[in-house]
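First the structure, in the form of structure tokens, and then the observations on it.
The values are calculated or read from the model by the stated rules, or taken from the named source; none is laboratory data. For clarity, every value in this text was computed on a predicted model and none was experimentally measured. A quick note on method: Cβ atoms are made from the backbone with ideal geometry, for glycine too, and the neighbour counts reach across all protein chains shown. Please note that ligands, DNA and RNA were not included when accessible areas were found on the heavy atoms of the full protein model with its side chains. Shrake-Rupley method; radii C 1.70, N 1.55, O 1.52, S 1.80 Å.
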Amino acid sequence: MTQRSGRAETLTQLVNEVFIVNGALLTAGDALADVVGLTAAQWQVIGFLEDGPASAADLARRRGLRRQSVQETVNRLLRKGMLSRADNPADRRAPLLHLTSTAREALATLGRRQVSWADEVASGIAPGDLAVTLRTLRKVRERLGDGVIEPG
């Protein structure tokens, strides 16, 4: 087994915790979104469209996800009547996705539920710890965005 430095070991433990927390957040998101008939993944997509229309490829890039998985989620949302398509003047092959009034109502409901849930979860964590965690995760994301993927 390769010996890790203390810093590398701590980062490895952080990555493992992030994977576990991601799963727990998706489970919590599914439970919160179920009241409006959505999944956490669907909630994420309509949440990104709250700021305005975008293509499925744009959504995938902004979230760091595969376009194919975002497209599958978009297709489900179209069938549920949460999204509509419009021509994209920049790329005719990639229609712009817009929220419907049904999606806006769902987002309003989910926003209220999320505020209550977030307050409950955060109540057991010191505000300073939350702030440090947020800063640290943003720094890790920046490092990965800088192309620091392989040892070198």
Under 5 Å, built H, 5+ apart or other chain: amide partners of T100: L83, S84
List S55, S5, ordered by accessible area with a 1.4 Å probe, largest first: S5, S55
Calculated FRET efficiency for the pair L144/A31, C-beta based, R₀ 35 Å, to 0.05: 0.75
Under Karplus coefficients 6.51, -1.76 and 1.60, residue-wise ³J(HN,Hα) of the stretch 70-80 in Hz, glycine/proline x: 5, 4, 4, 5, 4, 4, 5, 5, 5, 5, 7
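Using r as the Cβ-Cβ distance of S69 and T10, and R0 as 22 Å, what FRET efficiency do you calculate, to the nearest 0.05?
Computed FRET efficiency for S69 and T10: 0.10.
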The stretch 112-122 - phi-based ³J(HN,Hα) in whole Hz, Karplus 6.51/-1.76/1.60, Gly and Pro as x: 5, 5, 5, 4, 5, 4, 4, 5, 5, 5, 5
Under Karplus coefficients 6.51, -1.76 and 1.60, residue-wise ³J(HN,Hα) of the stretch 97-106 in Hz, glycine/proline x: 9, 10, 6, 8, 4, 4, 5, 5, 5, 4
Largest-first principal axis extents, alpha carbons of the chain, Å: 53, 39, 25
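Using the heavy atoms of the protein chains alone and a 1.4 angstrom probe, what is the accessible area of the stretch 81-152 per residue in square angstrom?
With the other protein chains kept in place, the stretch 81-152 gives 78 Å² per residue.
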Apportionment of accessible area to carbon and sulfur, the stretch 1-91, percent (1.4 Å): 53
Within the stretch 63-152, trypsin sites (Lys or Arg not before Pro) in DSSP loop having at most 10 other beta-carbon neighbours inside 10 Å: R66, R92, R93
